[in-house]
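Okay, structure first, notes after.
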Amino acid sequence: QSQQAQPAHPVFPVEVGTSPHPQVFGLRRAAERLARKLGPRRIWHVNSTPAGGGVAELLWSSIARQQSLGLPVGWLIADAEPEFFQLTKRIHHGLHNRCAAEFTAEDARLYRDVTARSAKQLLEYVRPGDVVLLHDPQTAGIAPHLLDAGVKVVWRSHIGTTERGAAVAAAWNFLRPYVEVIPTCVFTIAGFAPAYLSPAQVTAVTPSIDPEAPKNRDLSPQQCRELLRRAGLTGAPDEAVGYAVQDQPLPADAPVVTQVSRWDPLKDMTGVLRSFAEHVPTGHLLLAGPDPADIPDDPEGAGIFAEVCRMRESLPPDVRRRVHLCVLTLADQTTNALVINAIQRSSTIIVQKSLEEGFGLTVTEAMWKSRPIVATSVGGLTAQLVDGSSGLLVDPTDSLAFASSVNSLLADETRAARLGAAAHDRCRDRFLVDRELGDYLNLYRTALD
Ligand code: UDP
């Protein structure tokens with residue numbers, strides 16, 4: 001997986017290559033039919049970053065597999081200035097019912113102008129009749145321009161909530177002129193869709209993971225140890241990989257409770273830290289996330305990471321020595337993925353204490369690795385895990401319930417292993433990439449009809 005250097009704010013392509021592990025024989029015939037229907041036309045995916053976060057993660061493996069099926073699928077990045085990503089982050093929070101701020105006329109102008117510019121640049125690659133899948137609010141504004149140019153447009157929102165608060169309404173209203181005209185909009189759960197879309201415009205597709213990708217493939221205990229060392233958790237770090245903030249190396253034999261996330265307020269890394277420090281008397285806590293500097297469309301990362309560091313510093317020494325932070329660079333995505341893989345496999349319990357979550361890929365990744373999981377009963381997480389059988393779900397505002405669930409699994413290895421095994425089976429049956437590939441082929445076919 002190579003990432004091109006990122007120039008300032010234009011649209012640029014990502015070279016994905018084909019998947020070395022196409023497990024797609026059942027889909028080959030459908031892909032051949034689709035390729036014939038496409039003729040000289042192409043399929044494109046457009047989002048705002050090639051690395052960091054779940055959408056980029058999904059696109060790497062999904063596009064590689066589509067290319068290995070012989071489909072002409074390309075990936076374009078619509079980059080933008082920081083102000084634009086600050087605005088889209090507010091929209092993102094609004095769609096999770098979290099942002100009280102009003103959107104101004106200036107916001108509307110910025111959104112309209114930047115997406116119009118991106119559309120113009122995209123049309124240097126995209127031809128009339130091509131199918132374009134736009135991902136997330138950063139790209140929705142591009143849709144009307146592409147539709148005007150005779151392009152077939154599908155928009156996929158990876159975020160959302162079934163809650164219907166004022167913030168959700170404001171964010172959907174902000175996007176309305178753009179989203180309303182798109183013939184097919186894809187949501188993780190149909191109930192995330194805004195009321196102004198007709199049922200015929202709404203499709204539901206759950207995201208998936210690639211079991212053969214560096215993030216998920218089997219690793220030996222020795223490989224895991226070496227990767228944890230390179231991340232700085234158990235020895236001298238490899239600067240190109242990451243570093244740890246800790247008083248002592250992560251012990252090899254102690255239970256480890258881990259959350260892997262971007263440093264985003266909705267992931268509640270601070271809440272995990274507080275709950276662990278106050279209510280979990282044994283084991284170690286590991287909070288791992290990307291270097292905020294590597295994620296241009298997530299401007300809040302540096303502030304949240306600094307806050308987590310401050311909170312850790314202020315803990316009593318006997319608690320602080322059980323809390324480890326790990327920051328991973330995205331410079332080499334394959335190594336980053338392998339380190340996350342090793343961290344997840346080496347953890348006793350994986351937690352995801354999100355305040356809102358469209359769909360937590362980190363949870364699906366942990367399910368595949370048969371980890372016992374404690375997550376919150378919000379958004380897509382409730383579709384991913386069945387409380388009490390494939391994981392434990394708790395109220396996101398109940399810090400004590402979260403800690404009790406963690407404590408109960410730390411104390412009962414048999415139950416923890418049973419939950420982990422059930423999580424793996426559920427992931428195998430529902431959340432692997434070939435299932436999503438079939439969903440994409442259906443979407444392309446519908447867009448071409
Ligand atoms: N991730 C990563 N490096 C990190 C932290 C996270 O590659 O340092 C990955 C993580 O493994 C997962 C994705 O980023 O594949 C996060 O997806 P998720 O759906 O959990 O959350 P999002 O970031 O999209 O809100």
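Looking at this structure, is Pro299 in contact (Cβ under 8 Å) with a residue 40 or more places away in the chain, of a type outside the set (S, T, N, Q) and either within 16 Å of the ligand (Cβ to nearest atom) or more than 30 Å from Leu87 (Cα to Cα) (or both)? If you could, list the steps in order and put the result at the bottom.
Details: in contact (Cβ under 8 Å) with a residue 40 or more places away in the chain: yes; of a type outside the set (S, T, N, Q): yes; either within 16 Å of the ligand (Cβ to nearest atom) or more than 30 Å from Leu87 (Cα to Cα) (or both): yes.
Criteria met by Pro299.
Among (1) more than 19 Å from Met269 (Cα to Cα); (2) under 19 Å from the mean Cα position of the chain (by Cα); (3) of a type in the set (A, V, I, L, M, F, W, C), where does Val378 come up short?
Condition not satisfied by Val378: (1).
Taking the range 404-421 only, how many residues are buried (at least 23 other Cβ atoms within 10 Å of the Cβ) and either in contact with a helix residue (DSSP H, G or I) (Cβ under 6 Å, 6 or more places away or on another chain) or without any contact (Cβ under 8 Å) to a residue 24 or more places away in the chain (or both)?
1
Which of (1) closer than 20 Å to Val179 by Cα; (2) at pLDDT below 95 does Leu27 not meet, given it meets every other one?
(1)
Determine whether Glu106 is closer than 27 Å to Leu266 by Cβ, surrounded by fewer than 18 Cβ atoms within 10 Å (Cβ to Cβ), of a type outside the set (A, V, I, L, M, F, W, C) and touching a helix residue (DSSP H, G or I) at 6+ places or on another chain (Cβ under 7 Å). Break it down into steps so the answer makes sense when it comes.
On the way: closer than 27 Å to Leu266 by Cβ: yes; surrounded by fewer than 18 Cβ atoms within 10 Å (Cβ to Cβ): yes; of a type outside the set (A, V, I, L, M, F, W, C): yes; touching a helix residue (DSSP H, G or I) at 6+ places or on another chain (Cβ under 7 Å): no.
So Glu106 fails the test.
May I ask you to list the residues in the range 242-284 that are of a type in the set (A, V, I, L, M), open to solvent by less than 10 Å² (accessible area, probe 1.4 Å) and more than 16 Å from the ligand (Cβ to nearest atom)?
Passing the criteria: Val256, Val257, Leu273, Val280.
Run Pro237 past the list (1) within 21 Å of Ala51 (Cβ to Cβ); (2) touching a Pro at 6+ places or on another chain (Cβ under 8 Å); (3) part of a loop (DSSP other than H, G, I, E, B) and report the number of the one that doesn't hold.
Unmet for Pro237, out of (1) within 21 Å of Ala51 (Cβ to Cβ); (2) touching a Pro at 6+ places or on another chain (Cβ under 8 Å); (3) part of a loop (DSSP other than H, G, I, E, B): (2).
Output the number of residues of the range 383-395 satisfying the condition of being within 15 Å of the ligand (Cβ to nearest atom), modelled with pLDDT of 95 or more and surrounded by fewer than 24 Cβ atoms within 10 Å (Cβ to Cβ). Talk me through it step by step, then tell me what you get.
First pass over the range 383-395, keeping only residues within 15 Å of the ligand (Cβ to nearest atom): 383-385, 391.
So of that shortlist, the ones also modelled with pLDDT of 95 or more come out as 384-385, 391.
In the following step, the residues that additionally are surrounded by fewer than 24 Cβ atoms within 10 Å (Cβ to Cβ) were identified as none.
The total comes to 0.
Consider Arg117 against the criteria (1) within 20 Å of Leu146 (Cβ to Cβ); (2) in a helix (DSSP H, G or I); (3) in contact with a helix residue (DSSP H, G or I) (Cβ under 9 Å, 6 or more places away or on another chain): it satisfies all of them except one. Which criterion is unmet?
It fails just one condition, (3).
Here's the yes/no breakdown for (1) within 30 Å of Arg430 (Cβ to Cβ); (2) within 12 Å of the ligand (Cβ to nearest atom):
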{"position": "Arg310", "(1), (2)": "no, no"}
{"position": "Ser314", "(1), (2)": "no, no"}
{"position": "Arg320", "(1), (2)": "no, no"}
{"position": "Val323", "(1), (2)": "no, no"}
{"position": "Thr335", "(1), (2)": "yes, yes"}
{"position": "Ser346", "(1), (2)": "yes, no"}
{"position": "Phe359", "(1), (2)": "yes, yes"}
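For the range 227-241, give me each residue that is open to solvent by 60 Å² or more (accessible area, probe 1.4 Å) and among the aliphatic types (A, V, I, L, M).
Ala236, Ala240
The values are calculated or read from the model by the stated rules, or taken from the named source; none is laboratory data. Treat the numbers as computed from the prediction; the structure is a model and nothing was measured. So basically every Cβ, Gly included, is an ideal-geometry build from the backbone, and we count neighbours across all protein chains shown. For accessibility, only protein heavy atoms count, side chains too; no ligands or nucleic acids. Shrake-Rupley method; radii C 1.70, N 1.55, O 1.52, S 1.80 Å.
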